[in-house]
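Some notes on the structure that comes next.
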Amino acid sequence: MSKPKILLLGPPGAGKGTQSSKIAETYGVDHVTTGDALRANKDMETDHGTPREYMDAGELVPDPVVNEIVRAALEEADGFVLDGYPRNRSQAAYLDDITDLDLVALLEVPREELVDRLTGRRVCADCGANFHVEFEPPAEEGVCDVCGGELYQRDDDDEETVRERLSVFDENTRPVVEHFDEQGELVRIDGEGSPDEVWADLEAAIDAAIEG
Ligand code: AMP
């Protein structure tokens, strides 16, 4: 049987990164995430300028740049979990053209909870593990529990940029949620609980989709 193709939707801070890693590990699929791919290429010159110009303002990087990253990654993948894409209707139409999905899951979390999660988030510069200054502090401040790397705050996790990113989600990405909802493909997952609680619901939804 071929490996599952899963799309994980949700606002910034909903836990897509954490849950995607679990999906990748459990089902042996690639984790394709446009945010990480763009962060690794922030100063790459494109016909539309560098990704940094958009990312540091909390805005979307132009579609041609992002579509090409996703096309190349999905072409190579044997099963995948896609996270951070599509973020607008035009990206959703592009995705429809290049692949068939087994499941579209939406992680739902109230807005103020998202602001708290994102502004307190700290990320390991070496292994990418996520922590939170209040909800999940590392044993030693500023040091990754997993690999000993240095923790940093993402440039776009300051409160002003976080609020801008959440409005960009409401304006551009809500229509994507509606797009998949209209196609009857969307499963809603309560993203407010602990990572393990969310995972239990998500894993059940994936198993139902691949068995059905
Ligand atoms: P994320 O790590 O998913 O929160 O993404 C961080 C930033 O990368 C976003 O605020 C955008 O500037 C950019 N980005 C990530 N994915 C996309 C996408 N699908 N379309 C456009 N911009 C994106």
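The values are calculated or read from the model by the stated rules, or taken from the named source; none is laboratory data. Values in this document were obtained by computation on a predicted structure and should not be read as measured data. Quick reminder, even Gly has a Cβ in these numbers, built from the backbone with ideal geometry, and neighbours come from all protein chains shown.
See the values below:
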read-out	value
Test: residue in segment 50-60 that is within 11 Å of the ligand (Cβ to nearest atom), at pLDDT 95 or above, part of a helix (DSSP H, G or I) and more than 21 Å from Leu166 (Cβ to Cβ)	no
Verdict on Asp102 being surrounded by fewer than 15 Cβ atoms within 10 Å (Cβ to Cβ) and either touching a residue at least 60 places away in the same chain (Cβ under 8 Å) or closer than 27 Å to Arg71 by Cα (or both)	no
Subset of segment 23-49 that is closer than 16 Å to Ala72 by Cβ and assigned to a strand (DSSP E or B) - its residue that is nearest to the chain's Cα centre (by Cα)	Thr33
Residues satisfying the stated conditions in segment 156-168, i.e. near the ligand (Cβ under 9 Å from one of its atoms) and out of contact with any helix residue (DSSP H, G or I) (no Cβ under 7 Å at 6 or more places or on another chain)	Thr161, Glu164, Val168
Counted residues, segment 69-92 - those being within 25 Å of Ser167 (Cα to Cα) and free of Cβ contacts under 8 Å to residues at least 40 places away in the same chain	3
Qualifying residues in segment 33-47 (those that are of a type in the set (Val, Ile, Thr) and under 18 Å from Pro11 (Cβ atoms)) - the one nearest to the ligand (Cβ to nearest atom)	Thr34
Residues that are within 28 Å of Ala77 (Cα to Cα) and in contact with a His (Cβ under 9 Å, 6 or more places away or on another chain), drawn from segment 92-146	Ala92, Ala93, Asp96
Search result, residues across segment 114-148 that are surrounded by 14 or more Cβ atoms within 10 Å (Cβ to Cβ) and of a type in the set (Asp, Glu)	Asp116, Glu136, Asp145
Complete set of residues in segment 1-22 that are in a loop (DSSP other than H, G, I, E, B) and basic (Lys, Arg)	Lys3
Wholly within segment 61-163, strands (runs of 3 or more DSSP E) carrying at least 1 residues that are among the polar types (S, T, N, Q)	130-132
Evaluation of Asp30 against (1) out of contact with any Ser or Thr (no Cβ under 6 Å at 6 or more places or on another chain); (2) within 12 Å of the ligand (Cβ to nearest atom); (3) acidic (Asp, Glu) (one fails), failing number	(2)
Members of segment 63-91 found to be within 14 Å of the chain's Cα centre (by Cα) and away from the ligand (no atom under 13 Å from the Cβ), listed by number	Phe80, Val81
